[in-house]
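**Q** Before I ask anything, here is the structure I am working with.
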Amino acid sequence: PIVQKISGDSLSINGRTFTFDSVADVEATQLDIFEHVGVPLVENCLAGFNSSVFAYGQTGSGKTYTMWGPANSLAEENVAKEQQGLTPRVFERLFARIKEEQTKHSDQQLNYQCNCSFLEIYNEQVTDLLDPSQRNLQIREDVKSGVYVE
């Protein structure tokens, strides 16, 4: 094979080795991806850090399936738990963890603010997937605000 998984954090492409935070292979389940990506993402959010998931790949490579689960899974309520993608699992975990923290610190008033964006970059065009009517979106960077879409 052209691409070969060497270990949990490295792979070989045409004989050259590349190292990443984590490498999943074709046998990885939706739960495996959630445990490697989603759980740390949620914990970082609760620690006050911004987090993002960047799904990259050619058309048909499985980005939408990995992020959401099977086609029409958002419209159907009876999607098997093991088929759920990263996004519904992250939201479920995030709000469960917020509830845990509020219960654990019931003597304090904890405030949480969650903001979420879903963007697609295709052919150098940025689309807001929550409001596709937005046009001519631009990626900007500010010393104070960091990277943002305008």
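**Q** Rg (Å, one decimal) plus Dmax (Å, integer) for the alpha carbons of the stretch 1-94?
**A** Using the Cα atoms of the stretch 1-94, the pair Rg, Dmax is 14.7, 45 Å.
**Q** Which distance in Å, rounded to a whole number, links the C-alpha centroids of the stretch 69-121 and the stretch 6-68?
**A** 18
**Q** Pull up all non-local amide H partners of Leu119: gap of 5 or more, or a different chain, and H-to-H distance under 5 Å with H placed in the peptide plane.
**A** Leu129
**Q** Ranked highest first by average number of other Cβ atoms within 10 Å, how do 133-142, 96-105 line up?
**A** 96-105, 133-142
**Q** Nearest 500 deg cm²/dmol is fine: what mean residue ellipticity at 222 nm does the chain get from its DSSP H runs of n ≥ 4 alone, each adding -39,500 (n - 2.57), divided by its residue count?
**A** -7000 deg cm²/dmol
**Q** Nothing charged except the Cβ atoms of Lys and Arg (+1) and of Asp and Glu (-1): what's the magnitude of the dipole of the chain about its Cα centre? Round to the nearest 20 debye.
**A** Approximately 120 debye in magnitude.
Any read-out appearing in this document is the output of simple, stated calculations on the displayed coordinates, not a laboratory observation. Everything numeric here is computed off the predicted structure, so don't read it as measured data. Note that we place each Cβ from the backbone using ideal geometry, even for glycine, and neighbour counts take in every protein chain shown.
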